[in-house]
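S.K.: Sending over a structure as structure tokens; questions will come in a sec.
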Amino acid sequence: MEEQLSLKEKEQAEQAMIQQAFNELLDDYLHTKHRKRVEIITKAFNFANQAHRGIKRRSGEPYIMHPIAVAKIVCNEIGLGSTSICAALLHDVVEDTDYTVEDIENIFGHKIAQIVDGLTKISGGIFGDKASAQAENFKKLLLTMSDDIRVILIKIADRLHNMRTLGSMLPNKQYKIAGETLYIYAPLAHRLGLNKIKTELENLSFKYEHPEEYKAIEDKLKATAAERDKVFQEFTAPIRVELDKMGLKYHILARVKSIYSIWNKIQTKHVPFEEIYDILAVRIIFTPRNMDEELNDCFDIYVAISKIYKPHPDRLRDWVSHPKSNGYQALHVTLMANNGQWIEVQIRSQRMDDVAEQGFAAHWKYKEGGGSEDEGELEKWLHTIKEILDDPQPDAIDFLDNIKLGLFASEIFVFTPKGDLKTLPQNATALDFAFSLHTDIGCHCIGAKVNHKLVPMSHKLQSGDQVEILTSKSQRVQPEWESFVTTAKARVKIAAILRKEAKAYQKKGEETLAEFFKAEGIRPDEAAVNKLRCLHNFHTSDELLIAIGNGKLVLGEADKNAFKEKQGKSWKKLLTFSFGSGKDNNEKDGTASDDQSPSPSTEKINPKQILKLTEETISKDYVMADCCHPIPGDDVLGYIDENNRVIIHKRQCPVAAKLKSSYGNRIIATQWDTHKELSFLVTIYIKGIDAVGLLNEVTQVISRQLNVNIRKLDIETTDGIFEGRIQLYVHDVDDVRTICNNLKQIQNIKQVTRIED
């Protein structure tokens, strides 16, 4: 009886907690500028609460707490209204209970049902074992965007809450979800202008993938906070005086670079935390005197503050006159503070700040019953994505790569000959520009005139260039074009055309080869095709057929002679060769050939367990990835490949990032357990001021003091500055740290870091 009572009390306490969470959501909603449709939100909550009753999350809390949390993010952090809040509350009902989309439509109407349906299509059990190639989910997600952009905004809110509660998941799931978030969802949030959410997604992903590095940077930021605050107060004091004189309503914020951005800079620039000078930025947010003066006010503030501090001549970024394609508007100027430090100042109106934080959703707050130019940008982007989706990709990872090209790229602005403005990613070439105008123009491009000067199609464009594309009807798409385009649209179109051409050549090659075999009385079996393939050094039979089809290979006397050698009767059963089967020579319809030994089975490996990387398993069972050369002490994970081998990657390796996003269910959590018995090759980069005897000092430190074997040493000196790369054998990350610290003690060495060679 007591047990029953405690269960009842527990249930009552849970219901009270759920009700309190919902009341907080309602309270938040009532403080927004949206119409107050409390009744339908309450109805959606009651429906979802009943549907999920008794179901718990992995953390042990009632499941309904997740939809409420997602609805809070949708309301407070993205700024959406009642339709989206209802859809967020109902987003898991169709997938996890017996209710259907039709039920939702009957109770809540078409619009909410449509959004819930879109969210159901793209769920696919991200947290379950049924999680398959995430790229497929991502395709569905992008397709649903064109129906209603709110689907993707709610999905990003869902992902943000999942990341905030990721601690209750198993380690292998944490790596998969964190990697996928960094690879797909953070760039997507960035592209939609959700800057605050993008930053949090990046930081949370980094925290789970590299907990020690995260903690180290967090501690350093805390330790330097007081010093930064002092710089901020001293720097902004004269700015406040000037803005007060102008009679503007404003507030000034200190913006501290995110932990993930700092770590990224440490990795890419090979500098320590102490040498990152743009950790502090200043944001001026003002209320314009009237909306017509908004742009002028930005420049008036810029003029006023540049009288106080000297601006950097090359660092003015005018996103006010030319907003980014995600709607972002601000004026960025970098000023020299009195302490000799460059500080970036971002000047925004309150409207621009809302757009920067809440992205496209914020436009709905400011527009008056009609579309806007910014939404036109979103439509353009969605149109490009639709074009990519229309062309079926052979590989999920290729698809993700192509989409990702357009998500995180910095932008340049170029002009057509008539003066129309076009937005392209940084590093875009003349050929990218041609494809952005029209596929036909891209396919027949032979070059361009940039600012009236003739350039090749591989020429990289700069902001402000005026570009005229030159075409020829006789021009055809070339394979090398893929290497110098950067936009997803151009890459997808080129790949599709080349694939189409290859298929046509392959078919022609099949016919030509069949005629050759018939004329020479040769049986068209696999052995005969393999003989020709080996004779002409092709890797696959498809390559051979394409070469015959496009005329690069003409079958002649040498080929006939290869078949005239006397052949004994083969006791092996002849396999009928099927042209264009696309199979590799030793695949034979998926069965291993006589001399193939089966791959070592990893069926005994449970992805939920944590693999121990010991001396024995490293040398016998697992493969260290060539792309990132992990060593003991690195944050790593395992990936089960198609041959059931476990490949060990660094967690931040770009290849691993793709694998986590596309094949997350093959990821295994791993730990080192090597006890300094194995040696691994690493490359150390050093840079400094050249001096007599420096090389001797370097080798003394490494070989004599630390007793480490050097495999290779390259040193180059230019104008008194030397750069070097040292390949040496170490046991683990601790060894690398010791070597780097000891090398830094040498007087003329200014920079020491481990790099991937």
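The values are calculated or read from the model by the stated rules, or taken from the named source; none is laboratory data. As the structure is a prediction and not an experimental result, all values here were calculated from the model. Every residue, glycine among them, receives a Cβ derived from its backbone with ideal geometry; neighbour counts consider all protein chains shown.
S.K.: Considering every residue within segment 3-21, establish whether at least one is touching a residue at least 60 places away in the same chain (Cβ under 8 Å) and of a type in the set (Asp, Glu).
M.R.: Within segment 3-21 (the criterion being touching a residue at least 60 places away in the same chain (Cβ under 8 Å) and of a type in the set (Asp, Glu)), the answer is no, since none of the residues qualifies.
S.K.: Checking the condition β-branched (Val, Ile, Thr) and over 21 Å from Thr120 (Cβ atoms), which residue from Ile68, Ile18 passes?
M.R.: Testing whether each residue is β-branched (Val, Ile, Thr) and over 21 Å from Thr120 (Cβ atoms) leaves just Ile18.
S.K.: While we're on this one: Would you say Ile446 is touching a residue at least 24 places away in the same chain (Cβ under 8 Å) and either touching a helix residue (DSSP H, G or I) at 6+ places or on another chain (Cβ under 6 Å) or assigned to a loop (DSSP other than H, G, I, E, B) (or both)?
M.R.: No.
S.K.: Still on this model: Might you check whether a residue that is buried (at least 24 other Cβ atoms within 10 Å of the Cβ) and within 20 Å of Lys324 (Cα to Cα) occurs anywhere in segment 153-160?
M.R.: Yes, because at least one residue in segment 153-160 is buried (at least 24 other Cβ atoms within 10 Å of the Cβ) and within 20 Å of Lys324 (Cα to Cα).
S.K.: Another one. What do you reckon, is His34 crowded, with 19+ Cβ neighbours inside 10 Å and either modelled with pLDDT of 90 or more or touching a helix residue (DSSP H, G or I) at 6+ places or on another chain (Cβ under 8 Å) (or both)?
M.R.: So His34 fails the test.
S.K.: Please indicate, with yes or no, whether at least one residue in segment 593-612 is surrounded by 12 or more Cβ atoms within 10 Å (Cβ to Cβ), at positive phi and modelled with pLDDT under 65.
M.R.: no
S.K.: Can you pull out the residues in segment 161-181 that are under 9 Å from the mean Cα position of the chain (by Cα) and more than 15 Å from Pro211 (Cβ to Cβ)?
M.R.: Residues of segment 161-181 that are under 9 Å from the mean Cα position of the chain (by Cα), as a first pass: 179-181.
Within segment 161-181, Glu180, Thr181 meet the criteria.
S.K.: Give all pairs with beta carbons closer than 9 Å in which a residue from segment 62-87 that is free of Cβ contacts under 8 Å to residues at least 40 places away in the same chain meets a residue that is crowded, with 21+ Cβ neighbours inside 10 Å and of a type in the set (Phe, Trp, Tyr); count only pairs at least 6 apart in sequence or on separate chains.
M.R.: Pro67/Phe45
S.K.: Which count do you get for residues in segment 170-190 that are touching a helix residue (DSSP H, G or I) at 6+ places or on another chain (Cβ under 7 Å) and either part of a loop (DSSP other than H, G, I, E, B) or of a type in the set (Lys, Arg) (or both)?
M.R.: 1
S.K.: I'd like to know if segment 454-468 contains one or more residues that are in contact with a Gly (Cβ under 9 Å, 6 or more places away or on another chain), of a type in the set (S, T, N, Q) and surrounded by fewer than 16 Cβ atoms within 10 Å (Cβ to Cβ).
M.R.: Within segment 454-468 (the criterion being in contact with a Gly (Cβ under 9 Å, 6 or more places away or on another chain), of a type in the set (S, T, N, Q) and surrounded by fewer than 16 Cβ atoms within 10 Å (Cβ to Cβ)), the answer is yes, since at least one residue qualifies.
S.K.: Exactly one of (1) out of contact with any helix residue (DSSP H, G or I) (no Cβ under 8 Å at 6 or more places or on another chain); (2) crowded, with 21+ Cβ neighbours inside 10 Å; (3) touching a residue at least 60 places away in the same chain (Cβ under 8 Å) is unmet by Ala656. Its number?
M.R.: Only one criterion is unmet by Ala656, namely (1).
S.K.: Report, by residue number, each residue of segment 276-319 that is of a type in the set (D, E, K, R) and either assigned to a strand (DSSP E or B) or within 14 Å of Ile343 (Cα to Cα) (or both).
M.R.: Within segment 276-319, the subset of a type in the set (D, E, K, R) is 278, 283, 289, 292-294, 297, 300, 307, 310, 314-315, 317-318.
If the condition is that a residue be of a type in the set (D, E, K, R) and either assigned to a strand (DSSP E or B) or within 14 Å of Ile343 (Cα to Cα) (or both), then Asp278, Arg283, Lys310, Asp314, Arg315, Arg317, Asp318 are the ones that fit.
S.K.: Then there is this: Would you pick out the residues in segment 253-268 that are of a type in the set (A, V, I, L, M, F, W, C) and either outside any helix (DSSP H, G or I) or closer than 11 Å to Ala281 by Cβ (or both)?
M.R.: Within segment 253-268, Leu253, Ala254, Val256 qualify.
S.K.: A further question on this structure: Of Ser472, Ser463, which residue is among the small types (Gly, Ala, Ser) and more than 16 Å from Phe413 (Cβ to Cβ)?
M.R.: Just one listed residue meets the conditions, Ser472.
S.K.: Sticking with this structure for a sec: Go through segment 191-207 and give me each residue that's touching a Gly at 6+ places or on another chain (Cβ under 8 Å) and in a helix (DSSP H, G or I).
M.R.: Arg191, Asn195, Ser205
S.K.: Might you let me know whether segment 501-512 holds any residue that is among the β-branched types (Val, Ile, Thr) and not in a loop (DSSP other than H, G, I, E, B)?
M.R.: Of segment 501-512, the ones among the β-branched types (Val, Ile, Thr) are 512.
Cutting the leftovers down to not in a loop (DSSP other than H, G, I, E, B) gives us 512.
There is at least one residue in segment 501-512 that is among the β-branched types (Val, Ile, Thr) and not in a loop (DSSP other than H, G, I, E, B).
S.K.: Can you say whether Tyr29 is within 26 Å of Lys173 (Cβ to Cβ) and not small (Gly, Ala, Ser), as far as the supplied structure shows?
M.R.: No, not satisfied.
S.K.: With segment 609-706 as the region, which helices (runs of 4 or more DSSP H) entirely inside it contain at least 3 residues that are among the hydrophobic types (A, V, I, L, M, F, W, C) and closer than 30 Å to Gln745 by Cα?
M.R.: Here the list reads 694-699.
S.K.: Given (1) surrounded by 13 or more Cβ atoms within 10 Å (Cβ to Cβ); (2) at pLDDT 85 or above, where does Lys489 come up short, assuming only one miss?
M.R.: (2)
S.K.: Let me ask something else about it. I'd like to check something: does segment 314-326 contain any residue that is under 29 Å from the mean Cα position of the chain (by Cα) and among the β-branched types (Val, Ile, Thr)?
M.R.: The answer is yes, given that some residue of segment 314-326 is under 29 Å from the mean Cα position of the chain (by Cα) and among the β-branched types (Val, Ile, Thr).
S.K.: Restricted to segment 202-228, and to residues that are under 24 Å from the mean Cα position of the chain (by Cα) and basic (Lys, Arg), which residue is surrounded by the most Cβ atoms within 10 Å (Cβ to Cβ)?
M.R.: Within segment 202-228, the match that is surrounded by the most Cβ atoms within 10 Å (Cβ to Cβ) is Lys207.
S.K.: Can you name every residue in segment 81-98 that is charged (D, E, K, R) and surrounded by fewer than 21 Cβ atoms within 10 Å (Cβ to Cβ)?
M.R.: Listed by number, the residues that qualify are Glu95, Asp96, Asp98.
S.K.: So is Asn561 within 39 Å of the chain's Cα centre (by Cα), of a type in the set (S, T, N, Q) and modelled with pLDDT of 75 or more or not?
M.R.: no
S.K.: Hey, another quick one. Out of Val271, Val241, which single residue is at pLDDT below 90 and either aliphatic (A, V, I, L, M) or assigned to a strand (DSSP E or B) (or both)?
M.R.: Matching residue, one of Val271, Val241: Val271.
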